[in-house]
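The structure appears right after this line, and notes come after that.
The values are calculated or read from the model by the stated rules, or taken from the named source; none is laboratory data. Keep in mind it's a predicted model, so treat the numbers as computed, not measured. Note that each Cβ is placed from the backbone with ideal geometry, even for glycine, and that neighbours are counted across all protein chains shown. Keep in mind that these areas ignore ligands, DNA and RNA; they rest on the heavy atoms of the full protein, side chains included. Shrake-Rupley method; radii C 1.70, N 1.55, O 1.52, S 1.80 Å.
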Amino acid sequence: MSTHLGMPLMYYQVGSFAVGNRLVDPDLRSEQARPDRAASLTKGHRACRGCGEALGARYVLDTAMRATGGRMVTVNATGCLEVFSTPFPETSWRVAWLHSLFGNAPAVASGAAAGLRALGTDVRVVAQGGDGGTVDIGLGCLSGMFERDDDVLYVCYDNGGYMNTGVQRSGATPPAARTTTTQPVGHSYGHAFGQGKDAPRIALAHEIPYVATATVADLRDLEAKVERAMSLRGARYLHVLVPCPLGWGTAPHETVRIARLATESGFFPVFEGERGRVTTVRRIRHRVPVEEYLRPQGRYAHLFTPHRREDVLGRLQQIADANVERYGLAAPAAAISTAGGGPDGHGEVP
Amino acid sequence: MELPYGITLPVGSSLGNRTGAWRVERPVYADGRAPCGHACPAHEDPQDWLYAAEEGDYRTAWTRLVAANPFPAVMGRVCYHPCETACNRGRLDEAVGINAVERFLGDHALTHGWDLPGPGPATGRHVLVVGAGPTGLTAAYQLRRLGHEVTVRDAGHEPGGMMRYGIPTYRLPRDVLDAEIARIVRLGVGLEQDSQVTDLDAALEEGFDATLLAVGAQLGHRAYVPAGEAARVLDAVTLLHDVAEGAAPRIGRRVVVYGGGSTAVDAARTVRRLGAEESVIVYRRDRAHMPAHPAELAEALDEGVVVRWLTTVARAEPGRLAVERMELDEAGFPQPTGEIEELSADALVLAVGQDCDLAFLDGVAGVEVRDGVVQVDEFLRTGRAGVFAGGDTVPGQRSVTAAIGHGTRVARFIDAWLRGREPTVAAELPVVDFEQLNPWYFADAPHAVRPRLEAARRVTGFEEVVQGLDETTALYEARRCMSCGSCFECDNCYGVCPDDAVVKLGPGLRFEIDYDYCKGCGLCAAECPAGAILMVPEPVPPS
Ligand SMILES: Cc1cc2nc3c(=O)[nH]c(=O)nc-3n(C[C@H](O)[C@H](O)[C@H](O)COP(=O)(O)OP(=O)(O)OC[C@H]3O[C@@H](n4cnc5c(N)ncnc54)[C@H](O)[C@@H]3O)c2cc1C
Ligand SMILES: Cc1ncc(C[n+]2csc(CCOP(=O)(O)OP(=O)(O)O)c2C)c(N)n1
Ligand code: SF4
Ligand SMILES: [Mg+2]
């Protein structure tokens with residue numbers, strides 16, 4: 001399905017974009033379709049119903065486990081992912097997993113990678129954290145890890161806020177979103193425009209071997225990126241959009257759909273880059289106005305009631321339009337073919 | 001538990017936390033009825049046989065298909081496919097070409113000589129079927145499968161009813177029809193041709209345990225058209241019947257066909273093939289109100305047939321017709337305008353409907369004939385115990401498809417009667433509409449088009465016009481099916497559960513929800529492409 005997997009079979013009609021496909025050779029199905037997937041994060045965890053972060057973490061780590069044959073350790077920053085998965089004395093991790101602090105996961109991962117190398121083992125390191133832990137408090141450590149080109153895949157699960165401590169604003173909170181610290185009061189419209197950090201582009205600017213963005217709505221794409229990342233050495237960065245029903249004010253069953261709308265509106269660009277250059281982008285299949293993405297989310301309700309904030313909606317649409325322009329997201333999807341690239345809308349960037 | 005150095009929390013320890021208790025709604029796997037099957041008058045379930053066809057397992061697909069319909073190669077040619085009109089994929093891009101795949105499977109079976117499923121254990125009961133059209137032959141097939149003896153008595157020289165003597169060969173080649181009928185006969189059906197039943201009571205006295213009346217509607221309806229003595233006026237049913245028997249009726253150079261249904265279109269196209277230079281359909285209403293299928297009309301127009309819309313025949317004279325222009329009133333009914341025009345025409349063919357010839361039922365106790373058709377209840381029973389009726393003989397839609405559906409259903413009702421049971425109709429599952437699907441997961445894949453014979457080559461003979469799909473295209477078309485309402489093991493539920501609470505049971509076995517841990521978020525249901533998972537309120541635990 002992805003550009004990285006050869007597809008000798010014609011199978012694009014029945015559920016081509018689904019997790020599995022009974023018409024396809026088992027080896028070509030997604031990792032999540034396998035009965036023997038690692039289930040790195042298993043049942044019994046305490047994430048909210050429909051948690052995008054729990055889903056994203058299993059998608060990422062199961063693929064990394066397959067890619068490394070299980071020879072890997074995970075370093076986790078403080079945040080929801082850590083708290084809901086390991087309330088003492090329980091853990092729902094089925095991977096070697098280490099937690100230290102909110103802001104130091106990249107540094108701990110660098111140390112773990114150095115230590116493992118000193119031991120002469122080839123155990124790989126995957127670090128993970130929330131957007132707060134990544135783009136705010138951990139950004140210094142992360143930049144250092146990039147600069148030293150330490151052999152770590154760092155994964156940021158972006159739910160646009162400090163969800164664990166009660167939905168406060170982070171450097172990844174989008175403009176106009178309501179959080180408990182960016183309340184729309186009077187004529188104000190929630191979080192300000194022009195603030196925050198574009199972590200994937202910051203990572204790209206470090207010219208590290210690999211940078212990619214992904215969402216929980218496109219599993220095959222996400223898995224292909226983890227696989228690609230694990231096939232490389234050095235510092236790698238993956239930024240995964242993970243909707244948060246509680247913080248975003250969405251119904252639990254909407255998590256995947258909302259992530260899909262984020263990409264189909266162009267509001268969240270999905271791309272892949274190596275050594276400072278964007279190499280591939282995931283093109284939009286059915287473009288929708290950004291409003292379709294915003295409307296179902298309680299954190300944007302103040303843009304629609306009591307009055308429609310045309311001005312704010314217009315500025316948010318401009319952000320999407322700028323992404324579409326910058327990354328070439330609207331270019332016609334590659335023609336469906338029976339071999340090679342799938343119908344997934346991936347395209348090389350010239 | 002003793003843990004290695006540095007390990008503080010044992011693997012699997014979260015399993016003690018039964019998050020299923022959080023649930024207020026639970027997902028359940030619930031197959032629904034696909035709209036294609038719901039719309040099929042022959043009670044086929046296209047979703048079910050397409051599923052097997054998608055895997056290239058044509059034998060299984062065909063076996064599932066013929067459970068309802070022993071004429072797939074015929075239906076793949078003449079059915080007006082209400083399934084495709086209802087198909088949910090039509091809301092996404094274009095309907096699945098169900099009919100084309102059906103034809104592919106039907107032809108494939110004939111090529112490979114596949115036989116219908118054999119007769120069931122003999123019951124010693126004997127059923128008389130009057131009429132060897134699609135109703136009678138389908139009933140005979142189903143009754144044999146249920147173990148009953150069947151005698152089919154038919155007035156025609158050869159079996160098939162209107163499939164042979166109505167539908168022209170350029171739409172339904174005779175070798176296809178013959179082969180599918182022969183397959184039914186091979187099941188041990190006693191076929192008696194040239195055996196018109198003229199006295200039902202006498203036939204019943206021969207000792208049959210049940211009887212099916214499936215005599216169709218054989219008579220062309222005689223509309224009153226004032227005609228001069230030497231004017232040549234024929235009826236379409238007779239014309240088509242004669243052509244089917246190899247006769248070449250004298251029709252002349254310019255022919256007008258009066259009517260707007262399939263029969264009119266077939267008559268007009270046949271007339272072209274018989275050598276008429278002009279074949280004009282005169283129809284009282286407009287194109288939007290024409291009962292003939294748009295595809296048939298398009299083919300006819302390609303072949304040079306001309307239609308005079310909103311026109312009626314006022315009078316026929318030798319060599320010419322007086323026609324009157326009509327206007328539609330607000331209710332869409334045609335009203336005369338008094339504007340008369342002349343058309344040259346060597347012959348006028350009337351195609352204004354068919355009537356049943358039910359003289360043999362005169363005076364038969366308990367069998368009621370009203371409005372020219374036999375009256376039946378929902379179990380296709382006449383008022384006479386053990387006498388059933390179906391197809392064109394009873395009120396309702398007149399098509400081969402509906403006839404096959406009647407044949408299959410009536411066989412079940414007759415079977416119940418023979419076994420002394422109450423007849424039942426299986427409850428239908430709820431129909432899955434487009435809104436229940438998640439079409440995101442289906443790649444854009446436009447409909448494959450069936451090749452057609454060039455128009456120029458068509459009018460010179462009775463060669464089949466619409467060609468079949470090759471295997472690759474048929475497979476492609478089958479795989480466009482979205483499997484509405486039925487799990488196709490795409491693994492989405494297993495994939496999208498954030499709680500890892502969906503258990504994959506293995507190929508063909510589908511999935512199971514682990515309710516100890518399922519929090520009821522509903523992601524599996526929302527992301528099921530086929531709408532085969534429903535969220536239902538959590539049952540209140542027994543106190
Ligand atoms: C020109 C034409 C084109 C058509 N095209 C299509 C099409 O493309 N698609 C479609 O779905 N439908 C089409 N139809 C309609 C379809 O053919 C009929 O609805 C269908 O054949 C009805 O089946 P039946 O078994 O009820 O009757 P029939 O097919 O009419 O069969 C009845 C049989 O009973 C026999 N019979 C009659 N009286 C007696 C008796 N007293 N004793 C013994 N036997 C008797 C007749 O000889 C005949 O063989 C068309 C009809 C016509 C006339
Ligand atoms: C130094 C420090 N400051 C504050 C906290 C409190 N704290 C724990 S998690 C968290 C926010 C986590 O946000 P994010 O990284 O985005 O992860 P999320 O919970 O949203 O997944 C905060 C502020 C802390 N643990 N350590
Ligand atoms: S998509 Fe398939 S199951 Fe759904 S209506 Fe069409 S043919 Fe039937
Ligand atoms: Mg966060």
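Dividing the radius of gyration of the alpha carbons in segment A:103-163 by their Kirkwood radius gives 1.02 for Rg/Rh. Compared with the dominant principal axis of the Cα atoms in chain B, helix B:400-418 is inclined by about 70°.
Averaged per residue, segment A:39-348 has 35 square angstrom of accessible surface, using a 1.4 angstrom probe with ligands and nucleic acids left out.
Mind listing which trypsin sites (Lys or Arg not before Pro) in segment A:40-87 are in a DSSP loop and have 16 or fewer other Cβ atoms within 10 Å? Numbers along the way, then the final one.
Values: sites: A:K43, A:R46, A:R49, A:R58, A:R66, A:R71; in loops: A:K43, A:R46, A:R49, A:R71.
Passing both the DSSP loop test and the Cβ count: A:R71.
For a 4.7 Å threshold on C-beta separation, the list of partnerless cysteines in chain B reads B:C40, B:C79, B:C87, B:C356, B:C481, B:C484, B:C487, B:C490, B:C497, B:C518, B:C521, B:C528. Using only Cα coordinates, the Kirkwood hydrodynamic radius of segment A:46-134 works out to 13.5 Å. Computing FRET efficiency as 1/(1 + (r/R0)^6) for B:A248 and B:R457, where r is the C-beta to C-beta distance and R0 is 22 Å, gives about 0.65. With 0.36 nm allotted per residue and the present C-alpha distance subtracted, the B:T8-B:V425 stretch has 143.9 nm of extension available. For segment B:385-475, the alpha-carbon coordinates run over 55, 47, 25 Å along the three principal axes, in decreasing order.
Here's how it looks for B:E317: its modeled amide H is under 5 Å from those of B:G228, B:A322, which are all 5 or more places away or on a different chain. With the biggest extent put first, the Cα atoms of segment B:97-195 measure 41, 28, 20 Å across the principal axes. Summarising the amide proton neighbourhood of A:M72: residues at separation of 5 or more, or on other chains, whose placed amide H is nearer than 5 Å comprise A:R124. In order along segment B:458-473, phi translates into HN-Hα couplings of 6, 6, 8, x, 10, 5, 5, 7, 8, 8, x, 8, 7, 4, 4, 5 Hz, rounded to whole numbers, per the Karplus curve 6.51 cos²θ - 1.76 cosθ + 1.60 with θ = phi - 60° and x for Gly and Pro.
Using the Cβ-Cβ distance between B:A385 and B:D194 with R0 set to 35 Å, the FRET efficiency from 1/(1 + (r/R0)^6) comes to roughly 0.75.
Only helical DSSP H runs with n ≥ 4 go in: add -39500 (n - 2.57) per run for the protein assembly as shown, normalise by residue count and round the 222 nm mean residue ellipticity to 500 deg cm²/dmol. All intermediate terms of the calculation are to be shown ahead of the outcome.
Details: 28 runs with 259 residues, N = 893.
After summing the helix terms and dividing by the residues of the protein assembly as shown, the value is -8500 deg cm²/dmol.
By DSSP, the beta bridges lying fully in segment B:250-351 are antiparallel in about 55 percent of cases.
Taking the DSSP beta bridges in segment A:124-206 as the whole, what percent of them are antiparallel, to the nearest 5?
On the way: 2 of 8 bridges.
So the antiparallel bridges amount to about 25 percent of the total.
Close amide-amide hydrogen proximity is noted between B:V257 and B:V280, B:I281, B:V282, B:V349, each under 5 Å apart and 5 or more residues distant or on a separate chain (H modeled in the peptide plane; Pro and chain starts excluded).
Centre-to-centre, using Cα atoms only, segment B:238-278 and segment B:173-215 are separated by 29 Å. Computed from protein heavy atoms with a 1.4 Å probe, the total accessible area buried between B and A is close to 4500 Å². Of the listed residues B:C487, A:C48, the order by accessible area with a 1.4 Å probe, largest first, is A:C48, B:C487. Bridging of A:K43 to lysines at a Cα separation below 19 Å is possible for B:K504, B:K519, once same-chain residues fewer than 8 apart are set aside. GNM remark for chain A: springs join alpha carbons under 10 Å apart, and the peak mean-square fluctuation among A:E272, A:E264, A:E310 falls on A:E310.
Calculate the FRET efficiency for B:A182 and A:R326 from the Cβ-Cβ distance with a Förster distance of 51 Å, rounded to the nearest 0.05. Don't skip to the answer; put the middle values down first.
Numbers: r = 68 Å, r/R0 = 1.33.
According to the calculation, E is roughly 0.15.
In this simple spin-label model, placing a label point 7 Å from the Cα along the Cα-to-Cβ direction at both B:T238 and B:V306 gives a separation of 2.7 nm. Over all pairs of different C-alpha atoms in chain A, the reciprocal of the mean inverse distance, the Kirkwood hydrodynamic radius, equals 20.4 Å. Taken one residue at a time, the phi angles of segment A:202-208 give Karplus couplings (6.51, -1.76, 1.60, θ = phi - 60°) of 5, 4, 4, 5, 6, 6, 6 Hz. Gly and Pro are set to x.
Could you work out what % of the accessible surface of segment B:250-351 is carbon and sulfur, using a 1.4 angstrom probe and leaving DNA, RNA and ligands out of the count? Before the final figure, lay out the partial values.
Details: 2060 of 4360 Å².
Summing carbon and sulfur atoms, their accessible area is 47 percent of the total for segment B:250-351.
Calculated translational diffusion coefficient of segment A:17-94 (25 °C, 0.890 mPa s; Stokes-Einstein with Kirkwood radius over alpha-carbon pairs) equals 180 µm²/s.
Please report Rg over Rh for chain B, where both radii come from the alpha carbon positions and Rh follows the Kirkwood definition. Could you put the intermediate results ahead of the total?
Numbers: Rg = 28.1 Å, Rh = 26.3 Å.
Radius of gyration relative to Kirkwood radius: 1.07.
Distance distribution P(r), segment B:82-128, all Cα-Cα pairs, bin width 10 angstrom from 0: 21, 26, 22, 23, 8, 0 percent. Expressed in units of 2.2 N^0.38 Å, where N is the residue count, the Cα radius of gyration of the protein assembly as shown is 1.19.
Please report the antiparallel percentage of the DSSP beta bridges confined to chain A, to the nearest 5. If you can, show how the numbers build up before the last one.
Working: 12 of 39 bridges.
Given both bridge residues lie in chain A, the antiparallel proportion sits at roughly 30 percent.
State the percent of C-alpha pairs, over all pairs in segment B:410-543, separated by a distance greater than 23 angstrom. Across segment B:410-543, Cα pairs with separations above 23 Å total 61 percent.
I'd like the GluC sites (Glu not before Pro) in segment B:308-416 restricted to DSSP loop residues with at most 16 other Cβ atoms within 10 Å, sorted by number.
Numbers: sites: B:E324, B:E327, B:E330, B:E339, B:E341, B:E342, B:E368, B:E378; in loops: B:E330, B:E368, B:E378.
Taking segment B:308-416 and a limit of 16 other Cβ atoms within 10 Å, the loop GluC sites (Glu not before Pro) found are B:E330, B:E368, B:E378.
In segment A:179-221, the convex hull through the Cα atoms has an average projected area of 5.1 nm², a quarter of its surface area. Expressed as a whole percent, the accessible surface of segment A:39-348 that belongs to carbon and sulfur atoms is 55, based on a 1.4 Å probe.
Taking only the Cα atoms of segment B:52-95, how large is their convex hull per residue, in Å³?
Working: hull volume 4.1 nm³, N = 44.
In segment B:52-95, the Cα convex hull volume per residue is 94 Å³.
Over segment B:237-325, the Kirkwood radius and the radius of gyration, each from Cα atoms, give a ratio Rg/Rh of 0.95. Compared with the alpha-carbon gap, the fully stretched path from A:R277 to A:R148 is longer by 44.5 nm at 0.36 nm per residue.
3J(HN,Hα) along segment A:91-106, derived from phi through the Karplus expression 6.51 cos²θ - 1.76 cosθ + 1.60 where θ = phi - 60°, amounts to 9, 10, 7, 10, 10, 5, 9, 9, 10, 10, 9, 5, x, 10, 4, x Hz, with x in place of Gly and Pro.
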